[in-house]
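**Q** I have a structure I would like to understand better, so I am pasting it below and will then ask my questions one at a time.
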Amino acid sequence: MINPQILLSVDELPKEWYNIQADFPKPLPPPEDPDKKRMEFLGQTMIGKCLEQEVSKEKFIKMPEGVVELYLQAGRPRPLMRALKLEEYLRLPSTIRLYYKREDLSPTGSHKVNTALPQAYFAKEEGLKGLTTETGAGQWGSALSYATRLLDLDLVVFWVGNIYDSKPGRLDYMKNQEAIIHRSPSSITEFGRKIQKEFKKTYGKNKKHPGSLGIAISEGLEYASKNEGVKYSLGSVLNHVLMHQTIIGLETIEQFKKIDEEPNVIIGCLGGGSNFGGISLPFAGQVLRGERDWDDIEFIPAQSKAAPNLGGEYRYDYGDVAEQTPMLKMYTLGHKVDMPPILADGLRYHGAAPKISHLIHEKMINIKPRWYETDEKSIMEAAKIFLQTEGWLIAPESSYAVRAMIDRSLEAKRKGEELVMVANISGHGFLDDPFWSAATHISVAKYI
């Protein structure tokens, strides 16, 4: 019998985060801020320890004991699973083996807890009274509301409007954690009021602005700048966030060692980059250090055509619509681009994380992005196949990773390739009602 679970003991939990900047052969381009005002603004509005980690060149950064305890309380380490039933459904030969990392098993049902806990911990150490943030799909807002409540901090969340309207379960969760939630664009910030006014001029007073992560980030930053004792916390894109998420890949490497396997396809969905970065950066580090060959590992970020930022321009751009942040060197669609609403709103962001963008632009790793249609029918089909084979109800964003894993495994089957794949299941779908309601009308394919 093959055991589908590969587990780590509590004692095997990684105690350091991996900082890939230390292994870059060419340094990461620094933020661009000619008049220095925006860097000063960030210094005033963001958590000090996070900004320190943002620019660190240390390869491994030790986790504070308090953070390790919080990770253990949140159920880490998390299982790596062999997708035996999915392999059987797809009629894959034994030369193609599929695995997935269970980041949906956090208290809030997503990988976002991995950075929410240290950020809240550092905020408490700094003596802050609270944090403010943005959220798109709701997983980040849920994670930070959980973390701030554990550490007795206040939280104000600006939530992308069209998702705020459609996920009452996540809204209730955050409210039960005592977070204050505002539909974004809101009427409590100057920038939110400006965006609403411009929108109503064009579309009429009865139509609601759908919002975007770029707008919500702008509101969160403005709120932090005007409220003493409150700082801004970001859930993706930035260096320190992706570094916190490397606990996913670090655990995964150790789990594969236990079964004497090495994955050669690494898959994750990508919006800003925290999920894909979390699973992939420790493996990318193996390539940079010469421990694995460049063509020995294929990296697949799965994206929506609503926000195909990895297909954008590699240039300096702002991280928010109001242009309050310094400009970051990244693949971007432009910070003011209009992006159609999708159910996997966590993937609807204009820019890709600078670390990941740098890896791609300098061709340091073998990366092959995949983009999927905005109607999300193929994504819903993949989610239903995963539900009916592996049994787990996963988030819309995670369903993109499963879609890419199915597609790549079928290609390998046709070509006669031998592959070991791992996909990051970044969240569960129990609070994603619109996606799963729509998925009931999708028929799944039969793969023979």
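The values are calculated or read from the model by the stated rules, or taken from the named source; none is laboratory data. Note that the coordinates shown come from a computational prediction; the quantities given were computed from them, not determined experimentally. As a convention, Cβ positions derive from the backbone with ideal geometry for all residues, glycine included, and neighbour counts pool all protein chains shown.
**Q** Here's a check for you: in region 372-401, which residue that is aliphatic (A, V, I, L, M) and assigned to a helix (DSSP H, G or I) is nearest to Ala306 (Cα to Cα)?
**A** Of the residues in region 372-401, the ones aliphatic (A, V, I, L, M) are 379-380, 382-383, 385, 387, 393-395, 401.
Among the residues that remain, those that are also assigned to a helix (DSSP H, G or I) are: 379-380, 382-383, 385, 387, 401.
Numbers: Ile379: 13, Met380: 16, Ala382: 18, Ala383: 19, Ile385: 23, Leu387: 25, Ala401: 16 Å.
The extreme case among them is Ile379.
**Q** Also, I was wondering about something else. Working only within region 241-286, note down all residues that are closer than 27 Å to Leu51 by Cα and of a type in the set (A, V, I, L, M).
**A** If the condition is that a residue be closer than 27 Å to Leu51 by Cα and of a type in the set (A, V, I, L, M), then Val241, Leu242, Met243, Ile247, Ile248, Leu250, Leu270, Ile279, Leu281, Ala284 are the ones that fit.
**Q** Okay, moving on. List pairs: first residue in region 319-344 and of a type in the set (Gly, Ala, Ser), second residue assigned to a loop (DSSP other than H, G, I, E, B) anywhere in the structure, Cβ distance under 7 angstrom, at least six positions apart or on different chains.
**A** As it stands, the answer is Gly319/Val237; Gly319/Thr325; Gly334/His350; Ala344/Ala137; Ala344/Glu376, since those pairs meet every condition given.
**Q** Would you point out the residue of region 70-111, among those that are among the charged types (D, E, K, R) and part of a helix (DSSP H, G or I), that is nearest to Gly249 (Cα to Cα)?
**A** Among residues in region 70-111 that are among the charged types (D, E, K, R) and part of a helix (DSSP H, G or I), the one nearest to Gly249 (Cα to Cα) is Glu103.
**Q** Looking at region 169-188, which of the residues that are out of contact with any strand residue (DSSP E or B) (no Cβ under 9 Å at 6 or more places or on another chain) and in contact (Cβ under 8 Å) with a residue 12 or more places away in the chain is surrounded by the fewest Cβ atoms within 10 Å (Cβ to Cβ)?
**A** Gly169
**Q** Go through Thr133, Thr108 for me and flag whichever is closer than 19 Å to Ser218 by Cα, modelled with pLDDT of 95 or more and either touching a Leu at 6+ places or on another chain (Cβ under 7 Å) or of a type in the set (Val, Ile, Thr) (or both).
**A** Of Thr133, Thr108, the one residue that is closer than 19 Å to Ser218 by Cα, modelled with pLDDT of 95 or more and either touching a Leu at 6+ places or on another chain (Cβ under 7 Å) or of a type in the set (Val, Ile, Thr) (or both) is Thr133.
**Q** Specify which of the listed residues (Val67, Val55) is among the aliphatic types (A, V, I, L, M), out of contact with any His (no Cβ under 7 Å at 6 or more places or on another chain) and either over 24 Å from Glu12 (Cα atoms) or without any contact (Cβ under 8 Å) to a residue 24 or more places away in the chain (or both). So that I can check it myself, show each step before the final result.
**A** Values: Val67 fails: either over 24 Å from Glu12 (Cα atoms) or without any contact (Cβ under 8 Å) to a residue 24 or more places away in the chain (or both).
One residue alone meets the criteria, Val55.
**Q** Has region 5-22 got any residue that is surrounded by fewer than 18 Cβ atoms within 10 Å (Cβ to Cβ), among the small types (Gly, Ala, Ser) and assigned by TED's automatic domain parsing to the domain that holds Lys258?
**A** Yes, region 5-22 contains at least one residue that is surrounded by fewer than 18 Cβ atoms within 10 Å (Cβ to Cβ), among the small types (Gly, Ala, Ser) and assigned by TED's automatic domain parsing to the domain that holds Lys258.
**Q** How many residues are aromatic (Phe, Trp, Tyr), part of a loop (DSSP other than H, G, I, E, B) and buried (at least 24 other Cβ atoms within 10 Å of the Cβ) when one looks only at region 303-353?
**A** Count: 1.
**Q** Criterion first (over 16 Å from the mean Cα position of the chain (by Cα), surrounded by fewer than 21 Cβ atoms within 10 Å (Cβ to Cβ), modelled with pLDDT of 95 or more and not aliphatic (A, V, I, L, M)) does Arg414 satisfy it?
**A** yes
**Q** Tell me, yes or no, whether region 87-98 has at least one residue that is more than 20 Å from Trp17 (Cβ to Cβ), touching a strand residue (DSSP E or B) at 6+ places or on another chain (Cβ under 9 Å) and of a type in the set (Asp, Glu).
**A** Yes, some residue in region 87-98 is more than 20 Å from Trp17 (Cβ to Cβ), touching a strand residue (DSSP E or B) at 6+ places or on another chain (Cβ under 9 Å) and of a type in the set (Asp, Glu).
**Q** For region 255-280, give me each residue that is of a type in the set (Lys, Arg) and either assigned to a loop (DSSP other than H, G, I, E, B) or out of contact with any strand residue (DSSP E or B) (no Cβ under 9 Å at 6 or more places or on another chain) (or both).
**A** Lys257
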